[in-house]
Amino acid sequence: MTADDHLAWLRCEGRIVIVGASLAGLRAAETLRAEGFTGSLTMIGDEPYEPYDRPPLSKAVLLGKASARHTALPRRRDVDAKWRLGVAATGLDLSAQRVRLADEDEVEYDRLLIATGVRARPWPKEAEAQLDGVFVLRTRDDAVGLEQRLRASPRRVLVIGAGFTGSEIASACREQGIAVTVAERGGAPLVGALGGVIGAVAAVLHRENGVDLRTGVTVTALEGDPAGRVRSAHLSDGAVIETDVVVVALGATRNTEWLTGSGLGAGPRGIACDAGCRAFDFRGIVTDDVYVAGDVARSPHPLFGYQFLSLEHWGNAVSQAEVAAHNMISASADRRPHMWVPAFWSSQFGVNIKSVGVPPMGEEIMITQGSLAERRFVGVYGYQGRVIAAVSFDNTRWLDFYQRQIETAAPFPVESPTVDRRPEGRRPIPSDFPDPSLPSHGPTVTLSGYSPADRRLVFSPARR
Amino acid sequence: MTHHSLLRQITDYANRANPYPLYKELHNTPVLHEEDGGPYLVSSYWDILSLLHDPRISSDAANLAAAGADEMGGVAETGLPPSFIRQDPPEHDRLRRIANRPFGPPHSPRKIDSMRGELAGIVSGLIDGFGQARQIDVVDQFAYPFPVTVICRLLGVPREDEPRFHTWVEPIVAGLDPDTGKDDAERRRGAQEARMQLGMYLAQLVEQRSKEPTGDMLSELVTSHGPDGPMTTMEVLSTAVLLLIAGHETTVNLITNGMLTLLRHPEYLERLRNDPGLVVGIVEELLRYEPPVQLVPQRTCIADIEVRGTTIPKGSKIWLVLAAGNRDPERFTDPDRFDPDRKDIQHLGFGSGIHSCFGAPLARLEAQIALSELARRLDNPRLVKDPPPYRQNAVLRGPRHLLVDFDALRP
């Protein structure tokens, strides 16, 4: 069979398996069908639910404005797939082209898409994590449980970690008048993602909204009562917080353990793939039948020095899934690179935060529009003389412009005048990111490795 | 050059009924600058979209005046400060936030939708009012009185005062027409005078409402207690002038252009009669195909800007030709075809960026109700004259009259 014949056969009668039935998995399945794939399609998901949307879980759902049970993702089209929901994938045999499932079943594929995403990083002390009232927030079930507990008038909620999820949870609590303490290892909320200059603004937001924000501290122990309910938390500065609900918001862990020993270049930082979404094996050789998309993927981005980016962004999952699906059933000359410019949004304390580009690469920041003190502004991050990222607080409508500045490597500092430029925005200042080698709940963009041949891409077993 | 410049042809009334061949010609020169001191016309979809989000583009009336353009908003000239459509942040943002509190989310998320029944009632009343006539003027008997009634109720302006304020609105709207030809100075003076008169008329209402708030938008604006505080009286007046004018001078065109387009494509009129749900797609396609605001002539750039290899020097006037962008073949397949079934319909009809149409949700709902009811109730409607006579204005473009014959009025 020639390559052309093989592709025609694949598109017609091939077997495609997608592991991960969330946003990326669903959009990939839809794209495959939209592009004319008529073979068999199997969707494997460890959660028992059809694909649902996660962003509302830390916002409208916690406020009781939307039900976690009604967050199913809208469908673009019928995908005519065989759904294996509630069954996790447990292993991969690359040479036999087979995925092993938790129920001992095996599914064969001609093309495989891995979109297993991430899960919330659990509280490291297992016994304490088991206490009643200790939550993480990632899944529908997590949200249902936490929402019920917030309804039950807790004395106080403790949020561990002031990243985006932690800050949104704190915001939802305050909006309902629930007392909340936020404990953050870094100097301010959001520092990992946006740096200290913006973090300082976020800290003011927390405090003005009545959050008991404790920075520069860690939680050393959670304590329960004899019935196993959490009662208090001990902080590294000696303080004790009386609390009924603890939400652990320490970032995410990539779901790659099931690939251990498979020979794929998968590890705690995700699965390395090329710009066309094809996975690398642990030798750094690209596979041609295994593709990766969404939060679990790490791929080189030409705009950011070909660094491997892992992005936990909604828009990235959609875009990468579309590219992966297209490439899975296309001849090599027709394949497309995944070149989505990172972008994410958050809504907290009544403020709409949006960012484009890769802020943690930014050495300096300049407030080109508005003012930090008014909490309405656009901040632009510079890296080696070019614009590398931008963040807006209640100023979303300008960001398209800054995205183009990033895409065209526009010079930094931003010299040309902009509307609403204040005196404070004429000079760049250090963006003040924490040392990336220190542990943190994590920015939503992480940089790791430098090229496909980077030795650090070599297979590394999962920690634990 | 023996022929007139494209710019002058676009503003020339002779081309009002169908400016689209001119817009097509514009696409040959995506950034067109024909005369020293004249504006730079931008006509491609992606360029317009990016300039609408570009912080080096100013809407500030003072910058425009400095660029040597007409300026009808200066405080010195009219006594009224420019409305937020002619200001930059942070003032624009503050005024628009206050204006939005009683109008839309997050503070009044259900405001527009809660008016659905009231709007339908006004529309039914107007159509019933056609009586035994078998010919109507869609503009005078329907598309004009409907949005006027709506904006009057929303703001709290007595509907019966319409003949009074209409005499002021006309010259103000004429002042927005960038007819670069004749009597510019006089036209501008007329507009300024009218704007002041309208402001004084509204001032009486605002004074009443500040003493006795009645729940309408004028009352809300003078008594606003949000984090931005209330507007000053002068700010309320310029905002009220803006909303009163924008609230009907654009929607009348959307509805009339809509009926005209449907009468030219009777298959969609028929489908709409049988399936009222189709109206959503029809209105969106209308906003692309025949946008009520054809171009944005009020922007200047505060820095040198490069667009498609052309440098637009700092201080230049820029016209964003939305109606041309809406028919950009680089963006829309088969752009000159009216196709309400289009799925890819991110039009520029309401603009984009911080100045995107404030009243868009209301305009959408008004047009949806108006067109679906006309389609449902007029039996066998026919255009009397095609093209119909147009209004003078090249920016707020639409028919002055639209005579329609029909056989009967359905209940």
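Data for the structure
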{"read-out": "The stretch A:347-371, residues that are within 14 Å of chain B (Cβ to nearest Cβ) and surrounded by fewer than 20 Cβ atoms within 10 Å (Cβ to Cβ)", "value": "A:Ser347, A:Gly350, A:Val351, A:Asn352, A:Ser371"}
{"read-out": "Qualifying residue in the stretch A:192-206 (condition: of a type outside the set (Phe, Trp, Tyr) and more than 25 Å from A:Ala390 (Cβ to Cβ))", "value": "no"}
{"read-out": "Every residue from the stretch A:311-332 that is among the polar types (S, T, N, Q) and outside any helix (DSSP H, G or I)", "value": "A:Ser330"}
{"read-out": "Test: residue in the stretch A:401-410 that is modelled with pLDDT under 90, buried (at least 22 other Cβ atoms within 10 Å of the Cβ) and touching a helix residue (DSSP H, G or I) at 6+ places or on another chain (Cβ under 8 Å)", "value": "no"}
{"read-out": "Any hit, the stretch B:364-382, residues being under 19 Å from B:Arg271 (Cα atoms), more than 14 Å from every other protein chain (Cβ to nearest Cβ), part of a loop (DSSP other than H, G, I, E, B) and without any contact (Cβ under 8 Å) to a residue 40 or more places away in the chain", "value": "yes"}
{"read-out": "Condition met for A:Ala200 (under 21 Å from A:Asp237 (Cβ atoms), of a type outside the set (Val, Ile, Thr) and in contact with a helix residue (DSSP H, G or I) (Cβ under 6 Å, 6 or more places away or on another chain))", "value": "no"}
{"read-out": "Selection status of B:Arg187, surrounded by 16 or more Cβ atoms within 10 Å (Cβ to Cβ), out of contact with any strand residue (DSSP E or B) (no Cβ under 6 Å at 6 or more places or on another chain), over 20 Å from B:Arg400 (Cα atoms) and basic (Lys, Arg)", "value": "no"}
{"read-out": "Unmet criterion (only one of (1) part of a loop (DSSP other than H, G, I, E, B); (2) of a type in the set (Asp, Glu); (3) free of Cβ contacts under 8 Å to residues at least 12 places away in the same chain) for A:Asp400", "value": "(1)"}
{"read-out": "Pick from the stretch A:411-424, criterion within 11 Å of chain B (Cβ to nearest Cβ) and of a type outside the set (S, T, N, Q), ranking: nearest to B:Ile302 (Cα to Cα)", "value": "A:Pro417"}
{"read-out": "Residue tally, condition out of contact with any helix residue (DSSP H, G or I) (no Cβ under 8 Å at 6 or more places or on another chain) and either part of a helix (DSSP H, G or I) or modelled with pLDDT of 85 or more (or both), over the stretch B:59-87", "value": "6"}
{"read-out": "Any pair with Cβ under 7 angstrom, 6 or more apart, that starts in the stretch A:371-383 at a residue that is within 15 Å of A:Thr418 (Cα to Cα) and ends at one that is in a strand (DSSP E or B) and among the β-branched types (Val, Ile, Thr)", "value": "A:Phe377/A:Ile367; A:Val378/A:Thr368; A:Gly379/A:Ile365; A:Gly379/A:Ile367; A:Gly379/A:Val391; A:Val380/A:Ile365; A:Val380/A:Thr368; A:Val380/A:Val387"}
{"read-out": "The one condition in (1) farther than 22 Å from A:Arg121 by Cβ; (2) surrounded by 15 or more Cβ atoms within 10 Å (Cβ to Cβ); (3) at pLDDT 95 or above; (4) not β-branched (Val, Ile, Thr) that A:Gly263 fails to fulfil", "value": "(3)"}
{"read-out": "Sole exception among (1) under 20 Å from B:Asp54 (Cβ atoms); (2) outside any loop (DSSP other than H, G, I, E, B) for B:Cys357, by number", "value": "(2)"}
{"read-out": "Filter result (surrounded by fewer than 16 Cβ atoms within 10 Å (Cβ to Cβ), under 22 Å from A:Val204 (Cβ atoms) and more than 11 Å from every other protein chain (Cβ to nearest Cβ)) within the stretch A:372-400", "value": "A:Ala373"}
{"read-out": "Any hit, the stretch B:198-209, residues being closer than 23 Å to B:Arg397 by Cα and not in a loop (DSSP other than H, G, I, E, B)", "value": "yes"}
{"read-out": "Lone unmet requirement of (1) within 14 Å of chain A (Cβ to nearest Cβ); (2) out of contact with any Lys or Arg (no Cβ under 6 Å at 6 or more places or on another chain); (3) surrounded by 20 or more Cβ atoms within 10 Å (Cβ to Cβ) for B:Leu154", "value": "(1)"}
{"read-out": "Pick from the stretch B:32-54, criterion under 16 Å from B:Val296 (Cβ atoms) and in contact with a Phe, Trp or Tyr (Cβ under 6 Å, 6 or more places away or on another chain), ranking: farthest from the other protein chains (Cβ to nearest Cβ)", "value": "B:Leu41"}
{"read-out": "Options A:Arg207, A:Arg174, A:Arg214, A:Arg231; residue that is closer than 23 Å to A:Ala143 by Cβ, basic (Lys, Arg) and at pLDDT 95 or above", "value": "A:Arg174"}
{"read-out": "Residue check, B:Pro106 within 14 Å of chain A (Cβ to nearest Cβ), surrounded by fewer than 20 Cβ atoms within 10 Å (Cβ to Cβ) and at pLDDT below 95", "value": "yes"}
{"read-out": "Selected residue (only one of A:Phe308, A:Phe344 is of a type in the set (Phe, Trp, Tyr), crowded, with 24+ Cβ neighbours inside 10 Å, farther than 28 Å from A:Ala8 by Cα and not assigned by TED's automatic domain parsing to the domain that holds A:Arg174)", "value": "A:Phe308"}
{"read-out": "Members of the stretch A:54-72 found to be closer than 30 Å to A:Glu108 by Cα and surrounded by fewer than 16 Cβ atoms within 10 Å (Cβ to Cβ), listed by number", "value": "A:Ala72"}
{"read-out": "Verdict on A:Ala331 being more than 17 Å from A:Phe393 (Cα to Cα), out of contact with any Phe, Trp or Tyr (no Cβ under 6 Å at 6 or more places or on another chain) and of a type in the set (Gly, Ala, Ser)", "value": "yes"}
{"read-out": "Test: residue in the stretch A:283-290 that is surrounded by 22 or more Cβ atoms within 10 Å (Cβ to Cβ) and closer than 18 Å to A:Arg111 by Cβ", "value": "yes"}
{"read-out": "Among residues of the stretch B:194-211, those that are under 23 Å from B:Gly175 (Cβ atoms) and crowded, with 17+ Cβ neighbours inside 10 Å, counted", "value": "10"}
{"read-out": "Test: residue in the stretch B:395-402 that is within 14 Å of another protein chain (Cβ to nearest Cβ) and modelled with pLDDT of 95 or more", "value": "no"}
{"read-out": "Selection count, the stretch B:308-349, where residues are crowded, with 20+ Cβ neighbours inside 10 Å and either on the phi > 0 side of the Ramachandran plot or within 13 Å of chain A (Cβ to nearest Cβ) (or both)", "value": "1"}
{"read-out": "3 or more residues in contact (Cβ under 8 Å) with a residue 40 or more places away in the chain: qualifying strands (runs of 3 or more DSSP E) within the stretch B:255-344", "value": "B:296-301, B:317-320"}
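Let's see how each residue does on (1) out of contact with any Ser or Thr (no Cβ under 8 Å at 6 or more places or on another chain); (2) in a strand (DSSP E or B); (3) in contact (Cβ under 8 Å) with a residue 60 or more places away in the chain:
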{"site": "A:Thr220", "(1), (2), (3)": "no, yes, no"}
{"site": "A:Asp237", "(1), (2), (3)": "yes, no, no"}
{"site": "A:Trp258", "(1), (2), (3)": "no, no, yes"}
{"site": "A:Ile271", "(1), (2), (3)": "no, yes, yes"}
{"site": "A:Val290", "(1), (2), (3)": "yes, yes, yes"}
{"site": "A:Asp295", "(1), (2), (3)": "no, no, yes"}
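The values are calculated or read from the model by the stated rules, or taken from the named source; none is laboratory data. Predicted model only: the values in this text are computed from it and were never measured. Cβ coordinates were reconstructed from backbone atoms using ideal geometry, including for glycine residues, and neighbour counts include every protein chain displayed.
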